[in-house]
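Here, each number is a calculation from the coordinates, and none is a lab measurement. Just so we're clear, the structure is a prediction, and the values are computed from it rather than from any experiment. Cβ: placed from backbone, ideal geometry, glycine included. Neighbour counts: every protein chain shown.
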Amino acid sequence: MSRALNTADDLRRRATYLAEVVDQLYPGAGGPDGAPERPYIVVPGRRRPRVLIPAADRKVAAAALSRYARPAARGARLKRDAAVLALRLGLDRILLPHRVKVGGAEGIDDHLAAVLGHEVHLSIHIGPARANRKPVLQILDGDAKTVAFAKLGVNPLTRELVDAETAATKRLSECCDLKLLRVPDLLHAGNWNGHNLMVTSALPAWEAPADLGPGRRTAAMRELADACGTSRFPLGESDYAARLRTRLKALAVRGEPDADTLQTAGEALLDRYGTATMTFGAWHGDWSPWNTRETRDRIYLWDLERFETGVPYGFDAVHYRLQDDIVTNGSDPTTAVLALVADAPTVLAPMGVAPGEAEPTTLLYLVDLAARYMGDQAERAGAALGALGRWLLPTLLRHIARQRTAQAGSPDGPC
């Protein structure tokens with residue numbers, strides 16, 4: 001969900017994942033002599049790999065590196081741009097000396113070429129440790145143009161997420177009349193080598209964002225929230241409350257660490273606000289600075305694997321605020337959560353959420369987020385924010401205790 005910090009453990013896990021993802025994408029590697037070889041450049045190197053780019057054609061390699069993502073930090077962008085220039089000048093062996101070669105006739109690129117009907121070159125993202133990590137491929141054609149992106153579901157969780165993203169992409173791109181937003185088109189969905197495969201059109205993730213202020217983003221969030229219809233009724237009567245109770249109970253039955261604590265917190269919130277009337281709509285599920293690009297014409301949005309309907313209106317706004325604080329601004333996670341709850345009315349007012357609904361919306365979002373992390377076993381996967389007991393659960397419990405105290409001391413509270 002969020003990007004891991006650049007720790008030594010993350011670097012070690014990336015290096016291990018490099019070998020794992022190559023084996024997933026080229027299961028014939030190490031096959032008989034004479035099998036075709038595909039050379040890749042490891043960027044920035046084997047010790048801390050972040051992306052593999054095709055080495056056979058420098059023009060394609062330069063295009064792949066310049067477009068695989070847009071680093072948030074200016075220093076990282078300068079390093080990326082220097083590496084792209086080195087590729088174009090033929091000096092890449094100096095700045096990018098590490099290479100890997102994979103062989104075998106069963107590579108994913110052969111399959112994608114057949115699916116798309118033209119020559120393809122791939123760059124392969126080596127992401128941080130997290131439960132939902134999966135092969136993500138940038139697809140370039142013979143003219144070095146980025147034409148598509150592909151994802152593979154390689155285990156139960158990622159297969160479920162790829163299926164969910166396939167359905168959400170198809171629904172939003174084909175069935176919803178979006179004006180401000182642009183989501184990818186679904187180009188292909190199928191199976192390859194036992195893995196779920198989804199291919200979507202390329203959106204300009206690598207372009208510099210336009211500084212248009214938060215108003216356009218909020219309008220786009222409202223457009224998405226309204227895209228599949230909205231409803232308004234008491235929280236306790238909503239499908240959302242029933243779904244959340246079922247998720248929390250399932251986590252506790254499964255015996256996940258801290259699941260009982262999370263269930264207690266979630267049940268208390270649902271009981272406390274059961275009679276509160278709320279608006280329910282859709283949310284992206286991970287609307288964050290790295291999953292969107294704001295331009296003067298459109299706001300582009302991708303990574304729809306967590307898209308969901310029938311959730312409290314405003315979830316995207318509080319999620320964006322929390323992720324931006326922790327990841328972009330480097331805030332301490334506990335401090336960021338406390339600030340989010342304190343600022344909830346201000347954060348949610350532009351979404352049209354009434355002040356009295358702001359705190360329950362935000363606290364329910366935090367329970368929902370914790371249930372996601374716990375259900376994905378994020379801590380076990382090495383995700384930077386996976387240890388909920390260190391930052392999220394204590395904050396939730398503190399607020400629930402405060403609410404109980406306030407309720408007990410109110411004139412309408414128990415004697």
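General remarks:
- Pairs of Cα atoms nearer than 8 Å and 6+ residues apart set the relative contact order; for the range 8-201 it is 20 percent.
- q = 0.07, 0.08, 0.12 Å⁻¹: log10 I(q)/I(0) that the Debye formula gives for the chain, counting C-alpha atoms only: -0.36, -0.47, -1.01
- Candidates Thr328, Thr361, Thr166: whichever shows maximal mean-square fluctuation once the chain is modelled as a Gaussian network with Cα springs under 10 Å: Thr328
- Proximal lysines to Lys151, defined as alpha-carbon separation beneath 17 angstrom and excluding residues fewer than eight positions away on the same chain: Lys134, Lys170
- As a length-normalised measure over Cα pairs under 8 Å and 6 or more apart, the relative contact order of the range 246-347 settles at 22 percent.
- Additional length obtainable on full extension of the chain from Thr335 to Arg245, 0.36 nm per residue less Cα span: 29.7 nm
- Label reach from Val147 (point 7 Å along Cα→C-beta): in the range 188-212, amide nitrogens under 15 Å belong to 188, 199-203.
- Cut-off of 10 Å, at most 10 other beta carbons, DSSP loop: longest stretch of the chain lacking such trypsin sites (Lys or Arg not before Pro): 1-178
- With R₀ fixed at 35 Å, the C-beta to C-beta distance from Arg402 to Arg216 puts the FRET efficiency at about 0.45.
- Rounded to the nearest 20 debye, the dipole magnitude of the range 214-409 is 140 debye, with +1 charges on Lys and Arg beta carbons, -1 on Asp and Glu beta carbons, and the Cα centre as origin.
- For the range 8-201, radius of gyration divided by Kirkwood radius, i.e. Rg to Rh on alpha-carbons: 0.96
- Two-site label geometry, Glu160 and Leu11: point separation in nm, points 7 Å out along Cα→Cβ: 3.4 nm
- In plain terms, the chain from Thr295 to Ala114 could stretch by 61.8 nm, reckoned as 0.36 nm per residue minus the Cα-Cα distance.
- Ratio of Rg to Rh over the range 214-409 (Cα coordinates, Kirkwood Rh, two decimals): 0.94
- Relative contact order computed over the chain (Cα-Cα under 8 Å; 6+ residues apart), in percent: 14 percent
- Between Phe233 and Arg99, residue separation times 0.36 nm minus the direct Cα-Cα distance comes to 42.4 nm.
- Straight-line cross-link reach from Lys179 at under 14 Å between alpha-carbon atoms covers these aspartates and glutamates, not counting any fewer than eight positions away in the same chain: Glu223, Asp226, Glu294, Asp297.
- Helix runs (DSSP H) in the chain reaching 15 Å along axis by Cα, Kyte-Doolittle at least -1.0: 8-25, 74-89, 156-175, 214-226, 239-254, 259-272, 355-376, 392-409
- Of all beta bridges that DSSP places with both ends in the chain, some 95 percent have antiparallel geometry.
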